[in-house]
1. Return a yes/no flag: does the stretch 348-370 have any residue that is part of a helix (DSSP H, G or I), over 20 Å from Thr167 (Cβ atoms), among the β-branched types (Val, Ile, Thr) and at pLDDT 95 or above.
2. Scan the stretch 195-204 and tell me whether some residue there is under 20 Å from the mean Cα position of the chain (by Cα) and either among the basic types (Lys, Arg) or not assigned by TED's automatic domain parsing to the domain that holds Ala278 (or both).
3. Do we find that Glu257 is assigned by TED's automatic domain parsing to the domain that holds Arg343, of a type outside the set (Val, Ile, Thr) and surrounded by fewer than 21 Cβ atoms within 10 Å (Cβ to Cβ) in this structure?
4. Which condition from (1) of a type outside the set (A, V, I, L, M, F, W, C); (2) outside the structural domain of Asn15 (by TED's automatic domain parsing); (3) farther than 30 Å from Asp270 by Cβ is the one that Glu141 breaks?
5. I want to confirm something. Restricting to the stretch 222-258 and keeping residues that are assigned to a loop (DSSP other than H, G, I, E, B) and over 17 Å from Tyr331 (Cβ atoms), which single residue is nearest to the chain's Cα centre (by Cα)?
6. Answer with yes or no whether Trp233 is under 18 Å from Tyr258 (Cα atoms), touching a Lys or Arg at 6+ places or on another chain (Cβ under 7 Å), modelled with pLDDT under 95 and among the hydrophobic types (A, V, I, L, M, F, W, C).
7. In the stretch 345-359, which residues are over 28 Å from Val20 (Cβ atoms) and crowded, with 18+ Cβ neighbours inside 10 Å?
8. Does the stretch 259-269 include one or more residues that are part of a strand (DSSP E or B) and on the phi < 0 side of the Ramachandran plot?
Amino acid sequence: MNVIFTCGGTGGHINPAIAVANLLRERRPETKILFVGAEDGMENKLVPIAGYELETLKISNFQRRMTPAGLWHNVVTAAHIAGSLKKAGRLIDRFQPDIIIGTGGYASFPTLKMGTQKKIPTLVHESNAVPGLATRLVADEVDRIMVSFPESRSRYRHPERVVVTGTPVRSEFIFTTRAAARRELGLDDRPLVVSYWGSLGAREMNKVIAQFMALESEQDAFYHIHATGSFGWRWMPDFVREQGVDLAAHPNIRMQEYIHNMPTVMAAADLVICRAGASTISEVEAAATPCIMVPSPNVTEHHQERNAEVLAQRGMALVLPEAECSGQRLYETVAELLAHPERLETMRKAQQRGAVLDSAERIYQLVLELAKK
């Protein structure tokens, strides 16, 4: 069987595809797998590390600004799409896929579009509660639309093609135990709070965390691990010192650029403070970790706010709008939750009920079903 995965831009688009590709490779070693992404996306790093062949397309996004620069940018984008459609067609003719799976990002559109025109079975996975542009452009033509939330069905014109699969995550998020994780991290009985804003970090929210650290350093009542992201690491250590926090004197507060052992840290945590991206949500659900979500207001279609609304309605998370999230407000919210472990346990149980732990398996079975046709 020959399978094309097409995705790009962020880890939230790429990692689910890699998770399914890994399962295919494990179950059917003879399967030939090709990834198709964008020239300048994270897939250029993540896909080769995972051990898969990658072809790239020249792709860019559309802008809504009606300025001369914005209009010219859209003209260039249209030219890129035309060229990418032709290249995607050539790649499909050469590779002869039995099925094409798209997991989001602008880079997925050309290959999915050409796949539907060539009558190849196609699947698109939408991890967010609301469909992104690439998904909307192909939703009426693909064979199946895979979604993370049952609530998303109503957003598509052909709900009979929509299948709830969840979003695949690494198995370590599911199987790492709390006791083992806390032993590995050397923690005592004090609660652990974990905070992060993504691989790049968010400048204003990192400032909020610095103010949060100044307040928590007065009590030292819980552990706190914060990941600044690559941009935040350049300036945040100095900013924290300016808030009067000497991290050397408070070893229970740990600040680092990335959290490389996230499944372990997530399993050990009593509370997570994070954004509401689809990949983050799937990891939080799989680990069944109570969380405070601060959706990013700077993403297309406000999709993080929609994602967070779904979790809040299910009792799986507490949501704070960024505009209302000061260091003081965040600290008071955390202290209130930690003082009432029964509320944390209620969130944890809601996470367990809502998590789709066999997401990769569900997608794998759909792949086999459609590939046979």
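1. Keep residues of the stretch 348-370 that are part of a helix (DSSP H, G or I), which gives 348-354, 359-370.
Next cut, over 20 Å from Thr167 (Cβ atoms) only: 349.
This time we only want the ones that are among the β-branched types (Val, Ile, Thr), so: none.
No, the stretch 348-370 contains no residue that is part of a helix (DSSP H, G or I), over 20 Å from Thr167 (Cβ atoms), among the β-branched types (Val, Ile, Thr) and at pLDDT 95 or above.
2. Yes, the stretch 195-204 contains at least one residue that is under 20 Å from the mean Cα position of the chain (by Cα) and either among the basic types (Lys, Arg) or not assigned by TED's automatic domain parsing to the domain that holds Ala278 (or both).
3. Values: assigned by TED's automatic domain parsing to the domain that holds Arg343: yes; of a type outside the set (Val, Ile, Thr): yes; surrounded by fewer than 21 Cβ atoms within 10 Å (Cβ to Cβ): yes.
Against the criterion (assigned by TED's automatic domain parsing to the domain that holds Arg343, of a type outside the set (Val, Ile, Thr) and surrounded by fewer than 21 Cβ atoms within 10 Å (Cβ to Cβ)), Glu257 qualifies.
4. Every listed condition holds for Glu141 apart from (2).
5. Initial filter on the stretch 222-258 (assigned to a loop (DSSP other than H, G, I, E, B)): 222, 228, 233-235, 243-246, 250-252, 257-258.
With over 17 Å from Tyr331 (Cβ atoms) added as a condition, the list becomes 228, 233-235, 246, 251, 257-258.
Numbers: Thr228: 17, Trp233: 21, Arg234: 24, Trp235: 25, Asp246: 33, Pro251: 30, Glu257: 18, Tyr258: 15 Å.
Here the residue is Tyr258.
6. Taking the combined requirement at face value, the residue does not satisfy it.
7. Within the stretch 345-359, Met347 is the sole residue that qualifies.
8. no
The values are calculated or read from the model by the stated rules, or taken from the named source; none is laboratory data. None of these values were measured; they are calculated from a predicted model. All Cβ positions, even for glycine, are placed from backbone atoms using ideal geometry, and neighbour counts span all protein chains on display.
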